[in-house]
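Written below as structure tokens is the structure these notes are about.
None of the figures in this text is laboratory data; all of them are computed from the coordinates on show. All figures in this text were calculated on a predicted structure; none of them were measured in a lab. Using ideal geometry, Cβ is built from the backbone for each residue, glycine included, and neighbour counts are taken over all protein chains shown.
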RNA sequence: GCGCCCUUAGCUCAAUUGGCAGAGCAAGUGACUCUUAAUCACUAGGUUGAAGGUUCGAUUCCUUCAGGGCGCACCA
């Protein structure tokens, strides 16, 4: 690491100084260490595929290729040198032979280091050990690495790559994601899988005539969820603005406007703690569909998850795994997912006829027995939720819809047809975790106003997670909002579930971190 | 927020009841024209996270602080 000295000069450590010296040596020889481009003819994997499998003892020759990438392994043997070059497709071995490449170019190799970006051209051949290799005829420095990348060494044991002295400090890997990515192909693959998953979700929704929209991130009022927001200030308007905690209220305004199927994939921001499953900004998918109820939305969710899972599986299946790195096979979804009735499931698990008929004291006792801490401070809805979590939710392994939540647990959902004590709401659980939350959306402006006013009272009483009355949203709803089904899916969490990633830091390229 | 654990070279890790701070890789020099965790020889690399305390002597014991990890709690 370089450190600023009190005098303000950069004190390079010996490793970086050695690389600076090599840079100077290149310059002295008239070699530009930072090039403007390179005419690559093949990616590494494509080049390797050009040479057919060799028969026993046969020395196959292949066509000439031009490859470019980063030096990830270097083995010099005097007048001959082997190296490996890595690019997005994989890696290919390079062979430099003094007699072949010439004295002048061969001596250039003294200025090369692990991590340098180079371009090489030459014919392909198969070495004695059978590895397809570029016999270098020309080599170009494309970008000198002045700082050493934390490369480990790799060997292949029983077809599995084992890494030694790996760059494994999770915090450093997140802080310097560029180095993490540069050194770990499987991390690049993981984020390609994430991108493929999101592309697949877009494709699915677009296919059924959903419109992708963008709604404000900066909002004068926040709502659509219960969370503490980030606050900022607009100078010219001299007013506070909030970073959104949910997209919901704007997307439903669009439903009112006649954009009958809309979705948004974007960041929500919640001013809460950071841990294994929470990042202050995270990716949320919300989609709303006019004239749909929660039954139809369940079908949508099933199909969407199949698309997402298939997309992840396609990318994750491309390359063989690296031991010690999470590369679990994504779960294969088999719709329709089972439906579990909230009331029946909980009552059954607790061994009572109807849990809703228990009084609050009985619920508290049951919660205490189930190991819920501080039961005396919990409200009745909270007790029900805790009991459900302890008895049912935590035991759900394969994807399962939990349907028809009690009204007191679901302030934003429409009452269930035929049973106003329940709501038309579902959540999807798998591996004990929530993957989706959805309901038949409230579209009665008078009811909506009452709920806003209740929130406003909480806010006035000092609850900074409560929101205020959104008059503009009420005005929209007063114009008439069609019956609508809506779904929210946390993209980071879904991706973690599909890839078996246990830390949200490993599912987000640049997670929020304390400054160094 | 509460509990337990961790922080030593660029990277990954050692260091016996408290007794000279070490190894492998990476780096430098040299040898080596089919190697692949290349090999061999030599060299250099450290305020042991920070501050304080106990002690003849602290990486080791104590206190405080900072950063991190894992549980629990809350949420997506």
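Distance from the Cα centre of region A:254-286 to that of region A:46-112, in angstrom?
48
Remind me, relative contact order of region A:12-149 in percent, using alpha carbon pairs under 8 angstrom and six or more residues apart?
Across region A:12-149, relative contact order equals 30 percent.
Can you give me the convex hull volume of the Cα atoms of chain A, divided per residue and expressed in Å³?
226
Just for region A:12-149, what percent of DSSP beta bridges are antiparallel, to the closest 5?
Taking every DSSP beta bridge with both residues in region A:12-149, the antiparallel ones total about 90 percent.
Region A:470-516: Rg/Rh from Cα coordinates, Kirkwood Rh?
Rg/Rh for region A:470-516 comes to 1.29.
Can you say what percent of the DSSP beta bridges in chain A, counting only those with both residues inside, are antiparallel? Round to 5.
90
Taking region A:12-149, how much of its Cα-Cα pair set, in percent, is spaced more than 25 angstrom apart?
For region A:12-149, the fraction of Cα-Cα distances above 25 Å is 24 percent.
So how much slack lies between residue A:50 and residue A:459, counting 0.36 nm per residue of separation and subtracting their Cα-Cα distance, in nm?
Taking 0.36 nm per residue and subtracting the Cα distance, the gain is 140.5 nm.
Could you tell me the calculated FRET efficiency between residue A:137 and residue A:514, based on Cβ-Cβ distance and R0 = 51 angstrom, to the nearest 0.05?
So the FRET efficiency works out to roughly 0.55.
Based on DSSP H runs of at least 4 residues, each adding -39500 (n - 2.57), what is the mean residue ellipticity at 222 nm of chain A after dividing by all its residues, to the nearest 500 deg cm²/dmol?
My calculation for chain A gives -9500 deg cm²/dmol from helical runs alone.
Taking other Cβ within 10 Å of each residue's Cβ, how do A:513, A:16, A:316 sort, fewest first?
Lowest count first: A:513, A:16, A:316.
Taking only Cα atoms, what is the 0 to 90° angle, nearest 10, from helix A:360-369's long axis to the longest principal axis of chain A?
In chain A, helix A:360-369 runs at an angle near 30 degrees to the longest axis.
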